[in-house]
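The values are calculated or read from the model by the stated rules, or taken from the named source; none is laboratory data. None of the values given here were measured: they were computed from a predicted structure. Positions of Cβ are generated from backbone atoms using ideal geometry, with glycine treated the same way; all protein chains shown enter the neighbour counts. Quick note on the areas: whole protein, heavy atoms, side chains included, nothing else; ligands and nucleic acids left out. Shrake-Rupley method; radii C 1.70, N 1.55, O 1.52, S 1.80 Å.
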Amino acid sequence: MEFFCYHRDRPGSLPLREELGEEHWSYMDRYAAQLIARGPTFADDGETPSGSVHIVDLPDPAAARAFAHDEPNQQAGVYRDVLLRRWRDMLGRTMWDFPGGRTGGDRHLVLGLGPDRPDGLPTPPGDQDELIAYGPLLSDDGTAWLGTAVLLRAPDPETARAVLAPDRYADIEVHDWEFGGRR
């Protein structure tokens, strides 16, 4: 089962985040084979971390909750909250398989949040060349569509936002994002 996990930083937690850097990396190293995508999001200044995205394949919702809540930054209070949802990989690849590579161009996380929709899951747009990861956010049992999460390369936040149809969502968030993992 695939899960989307987005930890949002608590304001002023950067010193603690930096102090726990190696603990975070070591924790994530244990899940390297299960990770579909990962990386930090950034505040409007483009430099200050604002959160951490992990898309991971785990056995069940209990394992996903343990993954999200046992993470060292979560345990220490770096994060103010965590969005954890079942997810489905609509592209059939990891971020490491993205043809555009790790660098070059601006990268974004786009979250479309909305109520359960009976009219089916949104499909990726026809042009998928700039999509790094794309999939629905689902309820724990996988039956209710709750939104969509997208990682993509786009020249600016407005272009990134346009990947999702606004009439399908109660809210669309766009965050600067970059490939994560040890270099």
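Table for the structure above
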quantity: Only listed residue being closer than 21 Å to Thr148 by Cα, touching a residue at least 40 places away in the same chain (Cβ under 8 Å), of a type outside the set (A, V, I, L, M, F, W, C) and surrounded by fewer than 15 Cβ atoms within 10 Å (Cβ to Cβ), chosen from Asp70, Asp60; calculated: Asp60
quantity: Residues being part of a strand (DSSP E or B) and at pLDDT 95 or above - total across the stretch 149-171; calculated: 5
quantity: Flag if Ala63 is modelled with pLDDT of 95 or more, more than 23 Å from Leu164 (Cα to Cα) and either in the same structural domain as Gln34 (by the TED database) or in a strand (DSSP E or B) (or both); calculated: yes
quantity: Selection count, the stretch 151-183, where residues are touching a residue at least 40 places away in the same chain (Cβ under 8 Å) and either among the small types (Gly, Ala, Ser) or over 8 Å from His108 (Cα atoms) (or both); calculated: 18
quantity: Residues within the stretch 8-26 that are part of a helix (DSSP H, G or I), without any contact (Cβ under 8 Å) to a residue 60 or more places away in the chain and under 15 Å from Val78 (Cα atoms), tallied; calculated: 8
quantity: Residue match in the stretch 88-107 (condition: assigned to a strand (DSSP E or B), more than 28 Å from Gly12 (Cα to Cα) and open to solvent by less than 20 Å² (accessible area, probe 1.4 Å)); calculated: no
quantity: Test: residue in the stretch 56-63 that is closer than 20 Å to Gly112 by Cα and touching a helix residue (DSSP H, G or I) at 6+ places or on another chain (Cβ under 9 Å); calculated: yes
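The rows are residues; the columns are (1) surrounded by 12 or more Cβ atoms within 10 Å (Cβ to Cβ); (2) of a type in the set (A, V, I, L, M, F, W, C).
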site	(1), (2)
Gln128	yes, no
Asp141	no, no
Ala144	yes, yes
Gly147	yes, no
Val150	yes, yes
Ala170	no, yes
